[in-house]
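J.: Following this message is one structure expressed as structure tokens.
The values are calculated or read from the model by the stated rules, or taken from the named source; none is laboratory data. Because the structure is predicted, anything quoted here is derived from the model rather than measured. Every residue, glycine among them, receives a Cβ derived from its backbone with ideal geometry; neighbour counts consider all protein chains shown.
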């Protein structure tokens, strides 16, 4: 198995692997190498948890351990990458059944409310 590199912010939170990092985010001093299994494991997290590098170790921590402003910013970034990445593409939306479309629109609204509620909504089970 091949090791993979994961980049993280100055505060230790992992950057989303679905988005292109700019040069300042691609700082080799703020990266960690992990095996492929760990790489894929860090692509999701239970509700109110997120992956963070603390003292060189990759850990899954509760959001409540962080200031609210950091939580809100992280939710907004996750919303862009985990929700809007799918829901804001017309061609993809047209390919859904009516039931799937309705479920995605409810999920999208939950994401729109997430910075205020601090609740990260679960992804529909059929959405990869």
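J.: Tell me which residues, restricted to the stretch 81-96, are free of Cβ contacts under 8 Å to residues at least 12 places away in the same chain and surrounded by 14 or more Cβ atoms within 10 Å (Cβ to Cβ).
T.: Our first condition is that a residue be free of Cβ contacts under 8 Å to residues at least 12 places away in the same chain; within the stretch 81-96, this holds for 88-96.
93, 96, listed by residue number.
J.: Output the number of the condition that residue 78 fails; it satisfies all remaining conditions of (1) surrounded by fewer than 14 Cβ atoms within 10 Å (Cβ to Cβ); (2) within 12 Å of the chain's Cα centre (by Cα).
T.: Answer for residue 78: the failing condition is (1).
J.: Looking at (1) touching a strand residue (DSSP E or B) at 6+ places or on another chain (Cβ under 6 Å); (2) not assigned by TED's automatic domain parsing to the domain that holds residue 8, find the lone condition where residue 92 falls short.
T.: Only one criterion in (1) touching a strand residue (DSSP E or B) at 6+ places or on another chain (Cβ under 6 Å); (2) not assigned by TED's automatic domain parsing to the domain that holds residue 8 is unmet by residue 92, namely (1).
J.: Further question on the same structure: Mind checking which residues of the stretch 97-116 are assigned to a helix (DSSP H, G or I) and without any contact (Cβ under 8 Å) to a residue 12 or more places away in the chain? Give the derivation first.
T.: First, the residues of the stretch 97-116 that are assigned to a helix (DSSP H, G or I): 98-116.
Result: 98, 99, 101, 102, 106, 109, 110, 113, 116.
J.: Still on this structure, please answer the following. What is the number of the single condition among (1) outside any helix (DSSP H, G or I); (2) more than 20 Å from residue 11 (Cα to Cα) that residue 60 does not meet?
T.: Result: residue 60 fails condition (2) only.
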